[in-house]
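The values are calculated or read from the model by the stated rules, or taken from the named source; none is laboratory data. This is a predicted model, so every value here is computed, not measured. So basically every Cβ, Gly included, is an ideal-geometry build from the backbone, and we count neighbours across all protein chains shown.
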């Protein structure tokens with residue numbers, strides 16, 4: 001292996017946590033592409049969907065491609 005390859009292997013590969021996983025378990029406001037707002041607790045997510053808890057025992061799955069914006073209050077992560 002040449003010197004350049006060795007340097008690349010030593011780089012820090014830790015990535016910052018992505019936006020949506022940081023919002024898990026928090027109250028979020030989602031604005032759909034048609035402008036309708038959804039206010040709910042973000043329970044789970046995968047590559048294509050978000051699972052929302054609307055309260056009173058109601059849950060909703062929203063496809064990510066239908067979302068215009070997602071906002072939440074960032075909690076201090078000990079920085």
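Within segment 15-37, identify whether any single residue is in a strand (DSSP E or B), modelled with pLDDT of 95 or more, out of contact with any strand residue (DSSP E or B) (no Cβ under 7 Å at 6 or more places or on another chain) and exposed (fewer than 13 other Cβ atoms within 10 Å of the Cβ), and answer yes or no. Within segment 15-37 (the criterion being in a strand (DSSP E or B), modelled with pLDDT of 95 or more, out of contact with any strand residue (DSSP E or B) (no Cβ under 7 Å at 6 or more places or on another chain) and exposed (fewer than 13 other Cβ atoms within 10 Å of the Cβ)), the answer is no, since none of the residues qualifies.
Counting the residues of segment 44-55 that are under 17 Å from residue 18 (Cβ atoms) and surrounded by 13 or more Cβ atoms within 10 Å (Cβ to Cβ) gives 5. Condition (residue is modelled with pLDDT of 95 or more, more than 11 Å from the chain's Cα centre (by Cα), assigned to a helix (DSSP H, G or I) and surrounded by 10 or more Cβ atoms within 10 Å (Cβ to Cβ)) applied to segment 56-73: is it met by at least one residue? Within segment 56-73, one or more residues are modelled with pLDDT of 95 or more, more than 11 Å from the chain's Cα centre (by Cα), assigned to a helix (DSSP H, G or I) and surrounded by 10 or more Cβ atoms within 10 Å (Cβ to Cβ).
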